[in-house]
Amino acid sequence: MFLRIVKAGIRRDKGPALESVYRDVLMPELEKTDGCLFAGLLQGVDSSQHYASLTLWESAGQIRDYNESGSFERNMAHIRSFLEETSEWSIQLSDEDTIEYVPVKQDPVIKSYPVDSGGSNLPDYLEGNRRFMRMLSLKIKPGQEEEFKRIYRNDIQTTLKKTSGCRFSVLIDNTVKEREFLSLSIWDDPESVKLYEEQGEFINLLKKIRHTLTELYQRKMALDDKSKSRFSVTSEDAEISKFTLVAGKTFR
């Protein structure tokens with residue numbers, strides 16, 4: 001299974017229009033696309049103008065076919081007018097042969113990753129909206145990839161399945177490019193995530209994988225163990241991103 005994320009900034013007040021087009025136009029098109037298993041539109045918790053389309057696919061080849069067939073560009077054409085403009089300007093000739101400055105549309109950021117689902121099937125209750133998505137990024141030491149995946153499947157994913165409010169989790173392997181793994185989980189609400197993070201379960205799971213993490217991260221955890229203050233996670237050691245799933249549907 002492969003995960004594809006298309007991120008983009010949206011112009012102010014265009015969020016509702018984007019959500020409507022995604023539900024009514026893009027999701028039906030993706031449902032007809034060979035190999036697409038799930039499509040969801042995400043809105044950033046910290047920035048309401050940041051959106052992402054998250055899709056799950058059977059194979060990387062089907063993502064390539066989707067791109068090469070022109071389907072992706074046709075789908076993008078429906079939403080390009082909503083995209084945020086950059087601070088850059090292009091210079092061009094107007095119809096009257098005078099020079100004019102035109103703001104440049106922000107291109108979306110597109111990434112695809114192989115997914116280790118640990119045998120988890122896509123649950124039916126991902127359909128609908130207003131779920132909550134959490135993505136944790138961790139840097140891994142060279143040679144510790146298999147050990148990390150083993151602990152994730154046997155301990156972390158098993159715990160998440162039992163955690164109140166957690167509906168689905170997958171492991172994303174990005175070690176070839178950036179020596180990182182990403183754990184993506186979908187929840188009923190942000191309150192469930194807050195309880196998971198603050199009542200100790202999240203920290204206990206981090207300690208189980210401590211030996212697979214970079215030396216810098218391990219030193220950070222050792223210092224936190226000695227501190228009387230609560231363990232803190234920063235973007236320099238483990239990055240946590242949070243989104244609201246405003247629309248989602250499983251297709252297979």
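Computed 3J(HN,Hα) for region 195-206, one whole-Hz value per residue from the Karplus formula 6.51 cos²θ - 1.76 cosθ + 1.60 where θ = phi - 60°, is 5, 4, 6, 9, 9, x, 5, 4, 5, 4, 5, 4, glycine and proline marked x.
Per-residue Karplus couplings for region 108-114, computed as 6.51 cos²θ - 1.76 cosθ + 1.60 with θ equal to phi - 60°, are listed in order as x, 8, 10, 9, 10, 9, x Hz, Gly and Pro entered as x. Remark: for residue pairs Lys139/Lys162; Lys149/Lys207; Lys161/Lys194, the C-alpha separation exceeds 24 Å in Lys139/Lys162.
In terms of distances greater than 24 angstrom between alpha carbons, the cross-link table entries Lys7/Lys242; Lys32/Lys249; Lys7/Lys141 yield Lys7/Lys141. As a proxy for reagent exposure, Cys36, Cys166 were ordered by neighbouring Cβ count within 10 angstrom, fewest first; the result is Cys166, Cys36.
Quick one: Cα centre-to-centre distance for region 185-206 and region 1-74, in angstrom? Cα centroid to Cα centroid, the span is 27 Å.
Since every read-out is calculated from the coordinates, none of them should be taken as a lab result. Every value quoted in this text rests on a predicted model; they were computed, and no experiment measured them. Every residue, glycine as well, gets a Cβ built from its backbone with ideal geometry; the counts of neighbours run over all protein chains shown.
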